[in-house]
Amino acid sequence: MKHSFDEVINRLGTHCTQWDYIEDRFGEKDLLPFSISDTDFLCPPEILEALRKRIEHGIFGYTRWNHQEFKDAIQQWYQKRFSTLVNEDWILYSPTVIYTISKLIEHITEEGDHVVVQTPAYDAFFKLVEDNKRVFSGNKLLYENNTYSIDFQDLEKKLAHPHAKVFLLCSPHNPTGRVWTKKELKKMIALCKKHQVYVISDEIHMDIVRKPNVHIPIVEVAEDLDHVCICTSASKTFNTPGLGGSYAIIPNQELKESFLVTLKNKDGLSSTSTLGAIGLMTAYLKGGQWVDDLNVYIENNMELVKGFLNKHIPSAHLEIPESTYLAWIDVSNLPYTDEQLQNALIHHGKVAIMPGEMYGKDGKGFLRMNVGCPSSKIIDGLQRFKSAIDYLENKYK
């Protein structure tokens with residue numbers, strides 16, 4: 001059956017980060033938010049039904065993740081969606097993707113070591129690297145003809161540094177939406193192997209990909225599996241981050257066991273969320289058609305944004321990204337500073353769209369707009385965007 005994503009759900013009053021606490025990020029209440037990357041869609045009905053059934057049971061004691069049903073669900077998803085075989089011994093639970101990355105960096109590196117990251121980058125990457133007292137080594141993506149590509153010469157230079165120990169890859173890439181090709185992945189992996197750098201691949205956006213692009217899990221292309229891992233979750237796809245939980249795929253058994261010691265013994269976090277585990281298993285066993293429908297809807301929303309900008313704000317440009325529900329809008333040709341634009345969007349358009357500089361200096365001149373929402377909200381947001389531009393035009397004409 002086809003799923004409808006047009007239903008507008010009021011999220012206010014649910015302690016929702018995107019809606020209830022928009023003032024924390026933008027300094028003003030009552031803005032229409034297109035900010036943090038969760039969606040305004042109801043979870044798939046299959047997940048809601050499974051959660052209702054479990055809640056009716058009424059007891060929510062300590063819950064384990066290390067069982068066949070949890071691992072089978074993940075294995076089946078990778079087999080069906082990516083034609084990738086995942087060994088059950090590689091799979092482990094973690095409370096969040098960022099926690100996993102942070103702890104792996106602690107295990108693999110020493111203070112002062114370099115973590116190489118492609119920029120612009122997901123803003124949490126800067127914090128977790130620097131607050132772990134490691135050095136953030138940026139590999140700036142090349143931006144030409146509205147398309148991003150990898151500067152392999154600079155990447156090798158950064159990986160060759162004697163203190164480079166980890167390459168933190170975002171695949172697909174947030175915020176640019178690039179889906180790395182098999183050729184690109186192989187070349188990145190080969191450079192990391194040459195310079196003995198471990199690859200941590202954050203693949204949380206793996207399910208939201210537009211045809212003909214295809215996401216390739218890093219364990220599918222790496223020949224030396226001891227030096228790569230995947231950190232990911234079903235939450236970004238199925239809109240369940242509030243349920244808690246993520247997982248990692250770590251073929252290196254020594255590293256996996258070290259991580260589990262930290263998870264269970266040092267940090268006391270090995271007991272999973274009951275509802276989070278049910279959400280993941282149900283999503284991966286029954287949510288395939290819902291994801292297919294979601295991808296179609298997101299692509300239509302991207303087309304809506306692109307068409308509106310072309311018609312009403314031609315100096316702003318959206319090259320529809322290959323993945324994610326995050327529209328990376330190039331506003332560098334607008335005759336206003338990023339600060340002037342944000343001020344107009346917030347105070348005159350009453351709309352909250354993430355400034356590109358949030359993702360590092362290489363994001364300057366861009367906006368990141370979350371289009372994971374009903375199209376009616378997109379239209380409202382775009383009209384507010386235009387009203388902000390109209391205000392600026394009148395002010396600076």
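The values are calculated or read from the model by the stated rules, or taken from the named source; none is laboratory data. Being a predicted model, the structure only gives us computed values, none of them experimental. Ideal geometry is used to build each Cβ from the backbone, glycine not excepted, and the neighbour counts take in all protein chains shown. Accessible surface areas use protein heavy atoms only, side chains included; no ligands, DNA or RNA. Shrake-Rupley method; radii C 1.70, N 1.55, O 1.52, S 1.80 Å.
Data for the structure
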quantity	calculated
Selection status of Leu326, under 30 Å from Thr14 (Cβ atoms), buried (at least 23 other Cβ atoms within 10 Å of the Cβ), assigned by the TED database to the domain that holds Tyr359 and at pLDDT 95 or above	yes
Helices (runs of 4 or more DSSP H) fully within the stretch 185-295 counting 2 or more residues that are closer than 25 Å to Val115 by Cα	218-221, 253-261
Unique match (being open to solvent by 10 Å² or more (accessible area, probe 1.4 Å), under 22 Å from Asp207 (Cα atoms) and at pLDDT 95 or above) among Ile98, Ile91	Ile98
Lone unmet requirement of (1) outside any helix (DSSP H, G or I); (2) within 24 Å of Asp40 (Cβ to Cβ) for Tyr336	(2)
Answer from Lys236, Lys211 - the residue that is assigned by the TED database to the domain that holds Lys183, open to solvent by 10 Å² or more (accessible area, probe 1.4 Å), under 15 Å from the mean Cα position of the chain (by Cα) and closer than 20 Å to Glu322 by Cα	Lys236
Elements of type strands (runs of 3 or more DSSP E) contained in the stretch 33-141, each with 3 or more residues being farther than 30 Å from Tyr21 by Cα and of a type outside the set (S, T, N, Q)	114-119, 135-140
Selection from the stretch 292-308 of residues that are among the hydrophobic types (A, V, I, L, M, F, W, C), touching a residue at least 60 places away in the same chain (Cβ under 8 Å) and surrounded by fewer than 21 Cβ atoms within 10 Å (Cβ to Cβ)	Leu304, Phe308
Unique residue being among the hydroxyl-bearing types (Ser, Thr, Tyr) and open to solvent by 30 Å² or more (accessible area, probe 1.4 Å) when the list is Ser37, Ser4	Ser4
Selection from the stretch 197-236 of residues that are in contact with a helix residue (DSSP H, G or I) (Cβ under 6 Å, 6 or more places away or on another chain) and hydroxyl-bearing (Ser, Thr, Tyr)	Tyr198, Ser201, Ser233, Ser235
Which listed residue, of Asp123, Asp131, is farther than 16 Å from Thr232 by Cα and within 18 Å of the chain's Cα centre (by Cα)	Asp123
Those residues of the stretch 354-366 which are crowded, with 23+ Cβ neighbours inside 10 Å and either under 16 Å from the mean Cα position of the chain (by Cα) or in a helix (DSSP H, G or I) (or both), in sequence order	Met354, Gly356, Tyr359
Enumeration of residues in the stretch 1-45 that are in contact with a Leu (Cβ under 9 Å, 6 or more places away or on another chain) and among the β-branched types (Val, Ile, Thr)	Ile9, Ile22, Thr39
Cβ pairs under 7 Å, 6+ apart, first in the stretch 58-78 and hydrophobic (A, V, I, L, M, F, W, C), second modelled with pLDDT of 95 or more and in a loop (DSSP other than H, G, I, E, B)	Ile74/Val86
Residues of the stretch 118-140 classified as closer than 16 Å to Ala160 by Cα and in contact with a Cys (Cβ under 8 Å, 6 or more places away or on another chain), total	1
Check on Gly349, small (Gly, Ala, Ser), closer than 26 Å to Ala124 by Cα and buried (at least 17 other Cβ atoms within 10 Å of the Cβ)	no
Among residues of the stretch 313-332, those that are farther than 16 Å from Gly363 by Cβ and of a type outside the set (A, V, I, L, M), counted	5
Exclusive hit being of a type outside the set (S, T, N, Q), under 26 Å from Thr324 (Cα atoms) and open to solvent by less than 10 Å² (accessible area, probe 1.4 Å), set Ile250, Ile216, Ile189	Ile250
Total residues in the stretch 367-394, condition touching a helix residue (DSSP H, G or I) at 6+ places or on another chain (Cβ under 8 Å) and either at pLDDT below 95 or in a helix (DSSP H, G or I) (or both)	11
